[in-house]
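K.L.:
The structure under discussion is supplied below as structure tokens; questions concerning it will follow.
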């Protein structure tokens, strides 16, 4: 890296590993209009027989300070809950896991996966962040994600310690003395990328490179949609996969990135909701669709109602 503040690769990778709203655009199949039934709100009340109301908030994984100006109904939902659940709960061993996950195994280079032409394009893109070609050779697609998919100003904020919105919400919940739970483990999120075959890695990196020149504008547009509470537009973006290099590889990755993770998270949040009022915060793109968190909760017998 160049001189100056060191990029907090752990914070950036951990944040991006959960950014389904951004990745789904290059790795998900389009959904019919009727599957957008849950796209009208960012905050939902979840009620089950005999249990206090719980809440599900769709988040945007950014450190932009405007996200922390909580709407009154979001603040009330957090304040009234006994327990809070988020996609991830970091522990002391996660740094070592992430360091291994962002580096190619011994004897393997990124160019071996991407091929010479795609690797040269990748090396040129990450060179802007002070990563030399030999450093790029050691990176896995997971290690490339913060550099290719986040605007430079977003990475700069993370470098200087600005919390991603989900992390800030966790701090608020901890400050209030709530019990905190993770709906996934770091190993599970790392496996999303570590288990990719070579074709899927080529598709992911190629699509990210194709969008790299527009990353500032696209990220800003998605953030503006989120701040406006326009989840319907966000979901429409998430299912737009025009220009994807390999449809089959994209579909496989999409199922792991969204559908499989939604099922796991719902299986882990439902016991919490049955025990008492729980505030759940997950990426907004996890909410909608037939295999979205809200639909899966209804299938478990919960009543789901929009709040805002």
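K.L.:
Got at least one residue in segment 167-178 being on the phi > 0 side of the Ramachandran plot and over 15 Å from the mean Cα position of the chain (by Cα)?
P.N.:
Yes, segment 167-178 contains a residue that is on the phi > 0 side of the Ramachandran plot and over 15 Å from the mean Cα position of the chain (by Cα).
K.L.:
Within the bounds of segment 260-272, is there any residue that is surrounded by 21 or more Cβ atoms within 10 Å (Cβ to Cβ), under 21 Å from residue 147 (Cβ atoms), at pLDDT 80 or above and within 16 Å of the chain's Cα centre (by Cα)?
P.N.:
no
K.L.:
Within the group 288, 301, which residue is on the phi > 0 side of the Ramachandran plot, touching a residue at least 40 places away in the same chain (Cβ under 8 Å) and in a loop (DSSP other than H, G, I, E, B)?
P.N.:
Residue meeting the stated conditions: 301.
K.L.:
If you go through segment 152-203 one residue at a time, how many are touching a strand residue (DSSP E or B) at 6+ places or on another chain (Cβ under 6 Å) and buried (at least 18 other Cβ atoms within 10 Å of the Cβ)?
P.N.:
Residues that pass the stated criteria total 7.
K.L.:
What residue, of 167, 200, 162, is more than 21 Å from residue 254 (Cα to Cα) and in a helix (DSSP H, G or I)?
P.N.:
Numbers: 200 fails: more than 21 Å from residue 254 (Cα to Cα); 162 fails: in a helix (DSSP H, G or I).
Every option except 167 fails the conditions.
K.L.:
Applying the selection to segment 171-180, what residues are part of a strand (DSSP E or B) and over 18 Å from residue 93 (Cβ atoms)?
P.N.:
179
K.L.:
Looking at 124, 101, 85, can you tell me which residue is in contact with a helix residue (DSSP H, G or I) (Cβ under 7 Å, 6 or more places away or on another chain) and either modelled with pLDDT of 95 or more or on the phi > 0 side of the Ramachandran plot (or both)?
P.N.:
So the residue among 124, 101, 85 that is in contact with a helix residue (DSSP H, G or I) (Cβ under 7 Å, 6 or more places away or on another chain) and either modelled with pLDDT of 95 or more or on the phi > 0 side of the Ramachandran plot (or both) is 85.
K.L.:
Moving on. Could you check residue 192 against (1) at pLDDT below 85; (2) outside any loop (DSSP other than H, G, I, E, B); (3) more than 19 Å from residue 94 (Cβ to Cβ) and say which number it fails?
P.N.:
Status for residue 192: all satisfied but (3).
The values are calculated or read from the model by the stated rules, or taken from the named source; none is laboratory data. Just so we're clear, the structure is a prediction, and the values are computed from it rather than from any experiment. Every residue, glycine among them, receives a Cβ derived from its backbone with ideal geometry; neighbour counts consider all protein chains shown.
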